[in-house]
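Student: Attaching a single structure in structure tokens format; questions to follow.
The values are calculated or read from the model by the stated rules, or taken from the named source; none is laboratory data. All figures in this text were calculated on a predicted structure; none of them were measured in a lab. Note that each Cβ is placed from the backbone with ideal geometry, even for glycine, and that neighbours are counted across all protein chains shown.
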Amino acid sequence: MQRLEPAQCAVVVIDLQDKLLSAMPASRVADVLRAGNVLIEAAALLGARVIATEQYPAGLGHTVAPIADGLERLGAPILPKLDFSACDDPEFDRTWARFGVRAAIVIGVEAHVCVLQTVRDLCARGVQVLVPLDGVASRRDDHRAAGLDLCRAAGATVTTAESVVFDWLRRAGTDEFKKLSKLIR
């Protein structure tokens, strides 16, 4: 596994939408939103790219406010999709190609459906994929666990949002470390 360089990474935010999150366990939603906010802020500060998707937004609503606000500040694209794998969406593919990165940090819902299928397809393309376990949820914990196992089997590394951020930072004492450590506490 190679060190993560922010300029070579993209955070992929999968379907953190109102109606989907309302079906998830509250404690998992809190973890996912925390991980999402930390990763989006770290990406903004350190130069990683960010892209988000929304599954059938006409029926499932839009990205939840705390995440949407961070995406908007970054000017990150939020792409509607009908496919479970973001990689099957032509606009996602075009945006991904423009990013020109080698690694993806994938968070979102549901771990065993859209997250898994996107992770599997990115891995098949030779992308280094990391899935923060605190950044994914499913309606049921056994489905979440199966999704994480399947992501591993597809070639992804299961990690935490903090592990990603500290790998990006490389050292303590910097201005960036001080800003991000406040978020992580």
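Student: Do we have any residue at all in the range 111-122 that's out of contact with any helix residue (DSSP H, G or I) (no Cβ under 6 Å at 6 or more places or on another chain), free of Cβ contacts under 8 Å to residues at least 12 places away in the same chain and either aromatic (Phe, Trp, Tyr) or over 21 Å from Leu71 (Cα atoms) (or both)?
Tutor: no
Student: Moving on to the next point. With respect to Arg94, determine if the residue is in contact (Cβ under 8 Å) with a residue 12 or more places away in the chain, part of a helix (DSSP H, G or I) and of a type in the set (Lys, Arg).
Tutor: Taking the combined requirement at face value, the residue does not satisfy it.
Student: May I ask you to list the residues in the range 70-81 that are exposed (fewer than 13 other Cβ atoms within 10 Å of the Cβ) and in contact with a helix residue (DSSP H, G or I) (Cβ under 9 Å, 6 or more places away or on another chain)?
Tutor: Arg73
Student: Could you please give the count of residues in the range 1-42 that are farther than 18 Å from Glu54 by Cβ, crowded, with 22+ Cβ neighbours inside 10 Å and among the small types (Gly, Ala, Ser)?
Tutor: Residues flagged as farther than 18 Å from Glu54 by Cβ, crowded, with 22+ Cβ neighbours inside 10 Å and among the small types (Gly, Ala, Ser) within the range 1-42 amount to 2.
Student: Hey, any hits in the range 160-173 for a residue that's farther than 17 Å from Ala35 by Cα, without any contact (Cβ under 8 Å) to a residue 60 or more places away in the chain, in contact with a Ser or Thr (Cβ under 9 Å, 6 or more places away or on another chain) and of a type in the set (A, V, I, L, M, F, W, C)?
Tutor: Yes, some residue in the range 160-173 is farther than 17 Å from Ala35 by Cα, without any contact (Cβ under 8 Å) to a residue 60 or more places away in the chain, in contact with a Ser or Thr (Cβ under 9 Å, 6 or more places away or on another chain) and of a type in the set (A, V, I, L, M, F, W, C).
Student: Before we move on, is Val64 under 24 Å from Thr157 (Cβ atoms) and not basic (Lys, Arg)?
Tutor: Taking the combined requirement at face value, the residue does not satisfy it.
Student: Residues Thr63, Thr53: which one is polar (S, T, N, Q), in contact (Cβ under 8 Å) with a residue 24 or more places away in the chain and out of contact with any Lys or Arg (no Cβ under 8 Å at 6 or more places or on another chain)?
Tutor: Step by step, each of Thr63, Thr53 is checked, and only Thr63 is polar (S, T, N, Q), in contact (Cβ under 8 Å) with a residue 24 or more places away in the chain and out of contact with any Lys or Arg (no Cβ under 8 Å at 6 or more places or on another chain).
Student: Just for the range 44-63: of the residues that are hydrophobic (A, V, I, L, M, F, W, C) and touching a Gly at 6+ places or on another chain (Cβ under 9 Å), which one is surrounded by the most Cβ atoms within 10 Å (Cβ to Cβ)? Spell out how you get there, then give the answer.
Tutor: First pass over the range 44-63, keeping only residues hydrophobic (A, V, I, L, M, F, W, C): 44-46, 48, 50-52, 58, 60.
Applying the additional criterion that residues be touching a Gly at 6+ places or on another chain (Cβ under 9 Å) yields 44, 50, 52.
On the way: Ala44: 17, Val50: 23, Ala52: 27.
Among those that are hydrophobic (A, V, I, L, M, F, W, C) and touching a Gly at 6+ places or on another chain (Cβ under 9 Å), it is Ala52.
Student: For the range 97-185, which fully contained strands (runs of 3 or more DSSP E) count at least 1 residues that are among the small types (Gly, Ala, Ser) and surrounded by 14 or more Cβ atoms within 10 Å (Cβ to Cβ)?
Tutor: Correct list: 103-109.
Student: Sort through Val115, Val127 and tell me the only one that's closer than 16 Å to Arg3 by Cα and modelled with pLDDT of 95 or more.
Tutor: The unique qualifying residue is Val127.
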